[in-house]
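Okay, so here's the structure we're looking at.
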Amino acid sequence: MRQLTMIAFLLALVATAGHAQQANPQTGTNQQAGEPAEKKVNPPRPLNQPEAEFSPEARKKQINGRCLIGLRVDVEGKPQDINVVRCTDPVFAQNSLDTVKKYRFKPATTQDGKPVTANITVETSFWRDGARDPGLPIRWGFSSPPGISSSAPDADGVYPLTQMITPPAMEHFSDEGYGNVAFHMTGNGACDIVLTIDAKGKPINEQAPHCEKAVLELPAARSLLKSHYKPGSVNGKPVPVKVSVHLELGEFTSSE
């Protein structure tokens, strides 16, 4: 059996010194109104990372999985307020919590070396050779693109998705990194991307996506452009259809 436990930081880092709050530059600023900006904060660093053990339930199911755990690292480098953000299967939750409780860190510090508390996320991954990987529950749906006032095709013969059109269908979603990025967020990683699915089912003309976080835009667009579709149709004839595609992570439920 081969087992791996990973730790991932800087996904949701918010350090606190007095009443000031400032996020790590990679995640933007989370500063309360009227509060002075704190200096840049150096994130916590792990000093020890004990491996999480497979639970009997996980062994019985013969599945691999992972959890995203939220916590606050205090000024002594100890984890506090530990909580499950999400797990690919509930059987990994308790062992992940128990393991993260044992982590110890070098605390976050201001540039002048003052220890401060910091909120971070940690990923615990459970891997056994030969076990099944259930993957990530990614959902999608098609809707009319914004600003549509007519069901008529445009000058290029592209129809907007309306009730007059038999909509395209996703035959195979190709995850090109979207799921992994969305997994590490506290939200559900929602994205809305406008594209055209031509009469052969090929996605083209992807437009600027609108995502919950900007970091999702490239992998979401790439995933949709690599996916396979059944084309939309009018009176049974395949036609190019312009659609808005909504992507998000679904519920992480038991595989039983």
Of the residues Pro145, Pro115, which is touching a residue at least 12 places away in the same chain (Cβ under 8 Å) and assigned by TED's automatic domain parsing to the domain that holds Val243? Pro145
Would you mention how many residues in segment 87-132 are in contact with a Phe, Trp or Tyr (Cβ under 8 Å, 6 or more places away or on another chain) and in a loop (DSSP other than H, G, I, E, B)? 3
In segment 177-196, residues that are touching a residue at least 40 places away in the same chain (Cβ under 8 Å) and farther than 19 Å from Ser244 by Cβ total 7
Return yes when Ile148 is at pLDDT 95 or above and of a type in the set (A, V, I, L, M, F, W, C) and no when it is not. no
State which residue is farthest from the chain's Cα centre (by Cα) when the search covers only segment 87-124 and only residues that are among the aliphatic types (A, V, I, L, M) and crowded, with 21+ Cβ neighbours inside 10 Å. Val116
Filtered residue count, segment 167-193, keeping only those that are over 30 Å from Cys67 (Cα atoms) and crowded, with 18+ Cβ neighbours inside 10 Å: 2
Wholly within segment 1-86, which strands (runs of 3 or more DSSP E) include no fewer than the required count, namely at least 1 residues that are crowded, with 18+ Cβ neighbours inside 10 Å and modelled with pLDDT of 50 or more? 65-73
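Before we move on, is Pro153 at pLDDT 90 or above, within 12 Å of Val243 (Cα to Cα) and outside any strand (DSSP E or B)?
no
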Reported set for segment 224-241 where residues are more than 10 Å from Thr166 (Cα to Cα) and surrounded by fewer than 23 Cβ atoms within 10 Å (Cβ to Cβ) is Leu225, Lys226, Ser227, His228, Lys230, Pro240
Conditions: (1) more than 23 Å from Val122 (Cα to Cα); (2) out of contact with any Leu (no Cβ under 8 Å at 6 or more places or on another chain); (3) in a loop (DSSP other than H, G, I, E, B); (4) in contact (Cβ under 8 Å) with a residue 12 or more places away in the chain. Glu171 meets all but one. Number of the miss? (3)
Looking at segment 196-219, can you tell me whether even one residue there is surrounded by fewer than 19 Cβ atoms within 10 Å (Cβ to Cβ), more than 30 Å from Pro90 (Cβ to Cβ), over 18 Å from the mean Cα position of the chain (by Cα) and among the acidic types (Asp, Glu)? yes
Exactly one of Ala199, Ala208 is free of Cβ contacts under 8 Å to residues at least 24 places away in the same chain and among the small types (Gly, Ala, Ser), and that residue is Ala208
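The values are calculated or read from the model by the stated rules, or taken from the named source; none is laboratory data. Keep in mind it's a predicted model, so treat the numbers as computed, not measured. Note: ideal-geometry Cβ built from the backbone for every residue, glycine included; neighbour counts use all protein chains shown.
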